[in-house]
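S.K.: Dumping the structure here so I can ask a few things about it.
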Amino acid sequence: MFDPADARFLTALHQVLAETDSPEAAPCQAAARKALDSRAPLDLLAAREGVHALPRDLRDRILAQVHARMAGDLSAIWDLLPHAPGTPRSH
């Protein structure tokens, strides 16, 4: 099963890498796209390994941008909010 958090991470990663002008980011971007398309565990692993293979300064910069996008995505946490429409209540 493909975890929704993995999908959000890979989507944000792919978007950030697409905006990066570093040629070193291209293999990681391709791996993220492939993992999103296939949802196969080995492709997900390859995408994560692609992130770890980036030069440290580039990786840190990209992951900071990915984190900022994910943290600012209210739709990702909406269903977990206690008073969101459709959220079961204990009473």
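The values are calculated or read from the model by the stated rules, or taken from the named source; none is laboratory data. Given the structure is predicted, the values throughout are model-derived calculations rather than measurements. Quick reminder, even Gly has a Cβ in these numbers, built from the backbone with ideal geometry, and neighbours come from all protein chains shown.
S.K.: Considering only residues that are surrounded by 11 or more Cβ atoms within 10 Å (Cβ to Cβ) and either of a type in the set (A, V, I, L, M) or modelled with pLDDT of 70 or more (or both), which ones fall in region 72-91?
M.R.: Within region 72-91, Asp73, Ala76, Ile77, Trp78 meet the criteria.
S.K.: Can I ask one more? Hey, any hits in region 40-47 for a residue that's surrounded by 12 or more Cβ atoms within 10 Å (Cβ to Cβ) and not in a helix (DSSP H, G or I)?
M.R.: Checked region 40-47: at least one residue is surrounded by 12 or more Cβ atoms within 10 Å (Cβ to Cβ) and not in a helix (DSSP H, G or I).
S.K.: Then there's this: Among the residues of region 3-19 satisfying the criterion of being under 15 Å from Ser75 (Cβ atoms) and touching a helix residue (DSSP H, G or I) at 6+ places or on another chain (Cβ under 6 Å), which is surrounded by the most Cβ atoms within 10 Å (Cβ to Cβ)?
M.R.: So, considering only residues that are under 15 Å from Ser75 (Cβ atoms) and touching a helix residue (DSSP H, G or I) at 6+ places or on another chain (Cβ under 6 Å), the one surrounded by the most Cβ atoms within 10 Å (Cβ to Cβ) is Ala12.
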